[in-house]
1. (1) surrounded by fewer than 16 Cβ atoms within 10 Å (Cβ to Cβ); (2) assigned to a strand (DSSP E or B): which one isn't true of Gly81, the others all being true?
2. Every residue in the stretch 399-421 that is β-branched (Val, Ile, Thr) and either open to solvent by 10 Å² or more (accessible area, probe 1.4 Å) or near the ligand (Cβ under 8 Å from one of its atoms) (or both), please.
3. Looking for whichever is open to solvent by 10 Å² or more (accessible area, probe 1.4 Å) and closer than 22 Å to Arg160 by Cβ here; the options are Leu50, Leu73, Leu10. Which one fits?
4. Just the residues that are free of Cβ contacts under 8 Å to residues at least 60 places away in the same chain and open to solvent by less than 10 Å² (accessible area, probe 1.4 Å), please, taken from the stretch 377-395.
5. Which condition number in (1) closer than 23 Å to His355 by Cα; (2) surrounded by fewer than 22 Cβ atoms within 10 Å (Cβ to Cβ) is the one that Ile188 fails?
6. So which residues in the stretch 329-345 are in a strand (DSSP E or B) and either of a type in the set (A, V, I, L, M) or within 16 Å of the ligand (Cβ to nearest atom) (or both), if there are any at all?
7. Out of (1) touching a strand residue (DSSP E or B) at 6+ places or on another chain (Cβ under 7 Å); (2) in contact (Cβ under 8 Å) with a residue 60 or more places away in the chain, the odd one out for Glu408 is which?
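The values are calculated or read from the model by the stated rules, or taken from the named source; none is laboratory data. Every value quoted in this text rests on a predicted model; they were computed, and no experiment measured them. Note that we place each Cβ from the backbone using ideal geometry, even for glycine, and neighbour counts take in every protein chain shown. The protein model used for the area step is the full one, side chains on, heavy atoms only, and it has no ligands, DNA or RNA in it. Shrake-Rupley method; radii C 1.70, N 1.55, O 1.52, S 1.80 Å.
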Amino acid sequence: MTLSAQTAQLQIGPPGTAPTSVWTFNGQLPGPEIRIAQGAELDANFVNALPEPSTIHWHGIRLPNAMDGVPGLTQAAVAPGQTFQYRFRCPDAGTFWYHPHYNSSGQLGRGLVGALIVEESRPIGVDQDITWVLSDLRIDDASQIANDFQSRHDAAHAGRIGNVVMINGNVETDFLLPSNQRIRLRLIAASSARIFGLRFLGATPWLIAIDGHPTPVERLRADLVLAPGQRADLIVDVPASGSLRIEDHFYARQAYLLASLKSAVASAGSAMREAPSGLPANPVERPALSSQTRVIPMLIEGGARSPVARPDAIWRLNGLSPKEHNDHGHHVPTFELKRGETVRIDLNNQTAWFHPMHFHGVVFQDIAGSATEGPLRDTVLLRPGEKRSIALRGDEPGRWMIHCHVLEHQSNGLMGMFEVT
Ligand SMILES: [Cu+2]
């Protein structure tokens with residue numbers, strides 16, 4: 001497979017408006033959906049046809065460090081006109097995604113995102129398996145991507161939130177589906193900064209996976225919050241009649257209709273469906289906490305209204321604020337651990353802003369509240385002022401990034417790295 005990062009002109013706005021110049025993989029936005037069997041080797045020839053360096057990061061995949069796609073840390077940036085061969089095994093089934101890790105705000109913000117689906121060896125019992133890449137763009141009056149990626153205001157506040165929300169690169173909200181079908185809906189929050197708070201009206205889906213990894217099967221009882229980088233797999237039973245609406249209520253007073261699923265075929269009666277069976281577990285060793293477990297404090301500071309924010313250092317992770325995005329502040333690890341060792345990380349968000357913190361190369365356990373059991377994740381959302389602990393087990397050796405997945409927070413200091421030895 002070849003993945004070519006290249007410019008393209010796509011019709012994003014309504015008919016009659018100018019096409020939008022975007023950055024794409026293989027001319028598509030989102031990039032081609034990669035589907036691969038669990039345990040199989042992904043082999044991708046990356047071609048950089050952009051006017052600036054780039055890489056591909058495979059978000060959530062546990063892979064050898066050299067394949068992680070972080071310029072200056074795991075590989076050299078791929079110069080314009082150059083190529084890089086990514087080749088690695090995908091040990092975990094689930095919903096993942098890929099995107100550049102060079103000038104992330106600018107490159108993802110111009111459209112460079114794509115889904116990576118690792119399929120279970122035995123298909124689960126659904127009628128359709130649908131992926132929705134949720135993203136947004138900031139489009140100006142001329143239908144072009146606004147070139148305000150360096151906005152200090154965005155960087156110090158909630159990031160560069162777009163004004164056009166898309167499902168799989170499309171602004172359409174209406175979807176026709178055969179009634180009574182059971183759908184596996186894979187949701188990927190691929191936005192640069194926008195957080196989604198999805199409310200399902202007309203049916204109550206089942207949650208079966210978070211960040212690619214199986215969860216106990218349970219009905220969604222509250223809005224499904226997905227921050228940049230996060231994924232959720234749902235089972236949705238399309239009602240026999242009427243419609244299923246999905247609204248986004250994350251930002252107060254800015255709720256909107258994300259999608260309306262209508263039955264394409266009128267059907268008498270409704271099939272009451274049983275709860276779906278859960279997904280098979282992935283070969284992830286759960287971190288085991290004990291009284292001997294080392295505790296790593298991780299302090300997040302800065303942003304608008306913070307006394308420690310400076311123009312050249314808006315955000316800080318444990319007191320450090322790497323200045324250059326592509327420098328990644330990779331000189332000193334934020335913490336080190338041995339392969340197989342488990343640490344507890346006490347994240348402390350002392351800011352007035354939301355931060356989805358992503359750790360590369362591992363799957364960690366979210367220790368929500370005081371419970372010791374929580375979902376496996378690769379990205380955990382910290383609310384303003386929130387303290388939250390995770391249990392993380394050293395997996396593949398190497399130096400791995402830690403960063404906020406609000407890309408304008410990342411590029412303005414909210415990043416670091418940890419080393420597995
Ligand atoms: Cu952040």
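1. Gly81 satisfies every listed condition except (2).
2. Val406, Thr421 - these are the residues of the stretch 399-421 that are β-branched (Val, Ile, Thr) and either open to solvent by 10 Å² or more (accessible area, probe 1.4 Å) or near the ligand (Cβ under 8 Å from one of its atoms) (or both).
3. Leu10
4. Val380, Ile390, Gly394
5. Every listed condition holds for Ile188 apart from (2).
6. Within the stretch 329-345, Leu337, Val343, Ile345 qualify.
7. (1)
Listed here are the residues, each with its yes/no results for (1) more than 21 Å from Ser192 (Cα to Cα); (2) open to solvent by less than 10 Å² (accessible area, probe 1.4 Å); (3) free of Cβ contacts under 8 Å to residues at least 24 places away in the same chain; (4) of a type in the set (Val, Ile, Thr).
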{"residue": "Thr20", "(1), (2), (3), (4)": "no, yes, no, yes"}
{"residue": "Ser54", "(1), (2), (3), (4)": "no, yes, no, no"}
{"residue": "Arg62", "(1), (2), (3), (4)": "yes, no, no, no"}
{"residue": "Ala77", "(1), (2), (3), (4)": "no, no, no, no"}
